[in-house]
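**Q** Below is a structure I'd like to ask you about.
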Amino acid sequence: MKTELSIGDLSLRSSLAVSAIRFYETLGIVAPLRNRGGHRRYARADLRRLSFAMIAQRLGFPLAAITEHLTGLRQGRAPDRAGPMKVITDSR
């Protein structure tokens, strides 16, 4: 199994359009590394971060609260099981 994902692989696995992934990147939710050719390479944790963001949005949380929570984590880290509760309590 690959440890790094291309933006196309991430798009397929997350069901997000490439443009949506790039949008989340501008917000700081994901931060890919670049290979020698300049291509984006995403960690598996980025897939979990995107999944967390999509679920939280479906539950009605504002993107600003989601972004704040995820950017507060160390880069390359995905939210733990307490992550959704942290967004809920911080949004109130």
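**Q** Sort Ile7, Ile29, Ile66, Ile55 by Cβ crowding within 10 Å, fewest neighbours at the top.
**A** Taking fewest neighbouring Cβ atoms as first place, the list is Ile55, Ile7, Ile29, Ile66.
**Q** If you don't mind, another one. Residue by residue through the stretch 49-54, what is 3J(HN,Hα) from phi via Karplus (6.51 cos²θ - 1.76 cosθ + 1.60, θ = phi - 60°)? Round to whole Hz and write x for glycine and proline.
**A** 5, 5, 4, 4, 4, 5
**Q** May I ask you to evaluate 6.51 cos²θ - 1.76 cosθ + 1.60, the Karplus curve with θ = phi - 60°, for each residue of the stretch 31-36 and list the ³J(HN,Hα) values in order in whole Hz, giving x for glycine and proline?
**A** With coefficients 6.51, -1.76 and 1.60, one gets 9, x, 7, 10, 7, 4 Hz.
**Q** Can you compute the modelled spin-label distance between Arg44 and Thr67, with each label point 7 Å from Cα toward Cβ, in nm?
**A** Placing both labels 7 Å along Cα→Cβ, they lie 2.9 nm apart.
**Q** Let me ask something additional. Okay, which of the stretch 29-48 sit inside 12 Å, backbone N to the point 7 Å along the Cα-Cβ direction of Thr3?
**A** 43-44
**Q** For the stretch 58-71, in order, what is each residue's ³J(HN,Hα) by Karplus, 6.51 cos²θ - 1.76 cosθ + 1.60 with θ = phi - 60°, in whole Hz (x at glycine and Pro)?
**A** Those phi angles translate into 5, 7, x, 6, x, 4, 4, 5, 5, 4, 4, 5, 6, 6 Hz.
**Q** Now for a different question. Return the inverse of the average 1/r over all pairs of distinct C-alpha atoms in the stretch 20-65, which is the Kirkwood hydrodynamic radius, in Å to one decimal. Mind showing how you got there, number by number?
**A** On the way: mean 1/r = 0.0880 Å⁻¹.
After inverting the mean inverse Cα-Cα distance, the result is 11.4 Å.
**Q** Further question: How many nm is it between the label spots at Ala31 and Met54, if each spot is 7 Å from the Cα in line with the beta carbon?
**A** Placing both labels 7 Å along Cα→Cβ, they lie 2.3 nm apart.
Readers should treat all values here as calculations from the given coordinates under stated rules, not as data from a laboratory. None of these values were measured; they are calculated from a predicted model. Glycine also receives a Cβ, built like all others from the backbone with ideal geometry; neighbour counts cover every protein chain displayed.
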